[in-house]
Amino acid sequence: MLVKVYGVDSVSKKCVFEWFKRFRDGKEDVKDEPRSGRLPISTTPDSIERVRRMLADDRRLSLRMMAEELKIILDSVSNIIHEHLQKRKKRSTLFRHCAGPATCDNGVSSNTERIVC
């Protein structure tokens, strides 16, 4: 009936029954009460700036350390670093130089170390 009168953007029947139940129980506020559980995602301009400053001060901080310091969830810190600040992890590759092809085996001694002759 609400949809017929007010259109598709009207309040749902379930929502009206929830409000009625709250008013009957003596609550006169239609706002939801705070819930326990997962914190809301904190990707605000303020948190983006705070993460940027933390990275500028110490690039060796872990995501977990930053999340605990800023009091926001780990996924938010990761999202800020990778999506908003466009930071990526650098892969370090160690190159060893040798005197020439005769003294070098030209093989790869590990997955991060390459020998260049």
| said: Being under 36 Å from the mean Cα position of the chain (by Cα) and open to solvent by 80 Å² or more (accessible area, probe 1.4 Å) is the filter here; which residues of segment 3-16 pass it? | reply: Val8, Asp9, Lys13, Lys14
| task | Considering (1) at pLDDT below 85; (2) of a type outside the set (D, E, K, R); (3) touching a helix residue (DSSP H, G or I) at 6+ places or on another chain (Cβ under 9 Å), say which one Pro101 fails and leave the rest. | result | (3)
| request: Give the number of residues within segment 12-34 that are at pLDDT 85 or above and either polar (S, T, N, Q) or assigned to a loop (DSSP other than H, G, I, E, B) (or both). | output: 2
| message | Condition first: at pLDDT below 85 and exposed (fewer than 10 other Cβ atoms within 10 Å of the Cβ). Now tell me which residues in segment 41-73 satisfy that. | response | Arg59
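The values are calculated or read from the model by the stated rules, or taken from the named source; none is laboratory data. What you see is a predicted model; the values in this text were computed from it and never measured. FYI the Cβ positions are ideal-geometry reconstructions off the backbone, even for glycines, and counts take in every protein chain you see. Ligands, DNA and RNA are stripped out before the accessible areas are found, and what is left, the full protein with its side chains, is counted by its heavy atoms. Shrake-Rupley method; radii C 1.70, N 1.55, O 1.52, S 1.80 Å.
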